[in-house]
1. Angle between the Cα long axis of helix 523-534 and the longest principal axis of the chain, 0 to 90 degrees, nearest 10?
2. Within the set of other residues whose C-beta is less than 11 Å from the C-beta of Ile249, count the net charge using Lys and Arg as +1 and Asp and Glu as -1.
3. Quantify, in whole percent, the carbon and sulfur part of the accessible surface of the chain (1.4 Å probe; protein heavy atoms only).
4. Cross-link candidates for Lys517: which lysines have Cα within less than 26 Å, leaving aside residues fewer than 8 places away along the same chain?
5. Mind checking the angle between helix 220-230 and the chain's longest principal axis? C-alpha axes, 0 to 90 degrees, to the nearest 10.
6. How much length would be gained if the chain were fully extended between Asn232 and Lys405, taking 0.36 nm per residue of separation minus their Cα-Cα distance, in nm to one decimal?
7. Which whole-number percentage describes the relative contact order of the chain, with Cα contacts under 8 Å and a sequence gap of 6 or more?
8. Rounded to a whole number of µm²/s, how large is the Stokes-Einstein D of the chain at 20 °C and 1.002 mPa s, given Rh as the Kirkwood radius over C-alpha pairs?
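The values are calculated or read from the model by the stated rules, or taken from the named source; none is laboratory data. Here the structure is a predicted model, which is why all the values come from computation and not from measurement. Cβ coordinates were reconstructed from backbone atoms using ideal geometry, including for glycine residues, and neighbour counts include every protein chain displayed. Only protein heavy atoms, including side chains, enter the accessible area calculation; ligands, DNA and RNA are left aside. Shrake-Rupley method; radii C 1.70, N 1.55, O 1.52, S 1.80 Å.
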Amino acid sequence: MSGMETSKNSKERAYSKPSPFSMVIFGASGDLTHRKLIPALYNLHVQGLLPEDYSIIGFARRDNTDEGFRGQLRDAMEKYASLDAIDPAVWTDFASKIFYHQANFDDVQGYYSLRQKLEDVADRGMRRPDGPSRQCLLDLKQNLLFYLATPPNYFSGIVDRLEQAGLNYCHSNKQEGWSRIIIEKPFGHDLQSARKLNAHITRVFNEDQIFRIDHYLGKETVQNLLVLRFANAIFEPIWNHKYIDHVQITVSETVGVEGRGPYYDTSGAMRDIMQNHMMHLLALVAMEPPFSLQANTVRDEKVQVLKALRRIPDECTSKCVVRGQYAAGVIKDQQVPGYLQEERVPEGSTTETFIAIKAMIDNWRWAGVPFYLRTGKRMPSRITEIDIHFKPVPQVLFNADNTLKHNILSIRIQPNDGMTMRFQVKVPGQAMNIVPAKMDFSYVDTFDQKTPDAYERLILDTIFGDATLFTRSDEVEASWDFFMPIIQGCHSKNTEKIPTYPAGSWGPTEADDLLIKDNRFWYLTYRSLKRYNRS
Ligand code: BG6
């Protein structure tokens, strides 16, 4: 049955608890489950945001028991959860809701036995002396959340088996509960494979049961982009080509491929970060105001932006796209190897670990405003930031010699989430010296509380059936459609040598040239070099 019928957006649900559910995590022995999913579920449990009755069933191929699985998760919590301490009593309560189911992803028998396990788990709860009412337990059995935290080549097979075991509840008006599926990225490898996967999944689940997750959308500052734009009167009137000169979006990471060589080498920076995380950032910055906050209304507007992106023809990729690969270098005083020396990276690979593009949005609002996007691994610092560069003031009065710095609104997604506005002030004294100053807003300083992890927000959203922060099928396809000429353009050059950059630098010099030829520069790079020169 549809997820939408029971969906509640975050405002409506502020004071309500979700109904009982069972969550099945496919790929339960993997990294994502240990690092992100279980810590997020534990935090939701601690905050009392989950119902009394729920269960988590880890579905994986390795032999294990409920107890063994719980023990592994407890160890992982110690390692990865950003908690001061795990309360043993709370953990015991939380762990009692976790179970393990050993089966192969492609064996339908494993799904029939999963069905049985779901029933057993519910029955076990029924026998608890202070357990909930039978009605609740039936609900528990019937509200199902499947999380596909597996490599993407298993997605279609798992979906088919879920259908065979009747766990998709699709096209059945008799079911009282809901069944939803969360699918991790990467969603497809290109437009064709994304379309194929969409067609496959939507044959088994309705679109409103499908939650294509992109953890960037769960980040606090990303959600705050909508609030910044549409809950303040001052920004929207100037949020267009008349006042904005250009936009820069940077996602820089200090980490390398971290043992994910085989996955990363077929993905590269473009597919790993730019085609998904960065396209969401771009769409949220550039979208028109939606007429409501309903999931589909917001997503309609995001799709419009992606569709309006000017396609970069093959022959122009060299002008608008820069790829790079990190060579050995130094990050934070540590010598690190180059990409080609990383574990399980194929010899001579030309996969990019850095990509920068210049994108244009061909609509009225953004006519002539370039959006420069870049992302890379092994860069000097871990920063995700959106910089809105406003147009210069006219060349009169204080700017007669055209030397005044532009206003820049920097939206920091991470770390130190917040915003900074750069504006001009007079230096105290007799002379008319003007320098840029900053108005700064920081989440931590203002609210004195930690921002929740993206997965907490997104898992809770799926339990409530709110798809606003998830990618709809047409959004995925529109994004791939934009990247296809880039893929084709770069693919034809794949046999050529890829520019390298030393680990710990801001990418290949060609990425600086991308802006220099437009008389601009990467603002973040400039700031970090300024800081470096001062120190
Ligand atoms: C993932 C990518 O989607 O996002 C990783 O696969 C990347 O390669 C990660 O490191 C970055 O996420 P965050 O939240 O650390 O910016």
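1. Relative to the chain, helix 523-534 is tipped by roughly 70 degrees.
2. Combined, the nearby Lys, Arg, Asp and Glu give -1.
3. Summing carbon and sulfur atoms, their accessible area is 52 percent of the total for the chain.
4. Lys517 reaches Lys242, Lys319, Lys358, Lys377, Lys391, Lys405, Lys493, Lys497, Lys530.
5. Once rounded, the angle reads 60 degrees.
6. The span from Asn232 to Lys405 would gain 59.8 nm if fully extended.
7. Normalised by residue count, the contact order of the chain is 18 percent.
8. 86 µm²/s
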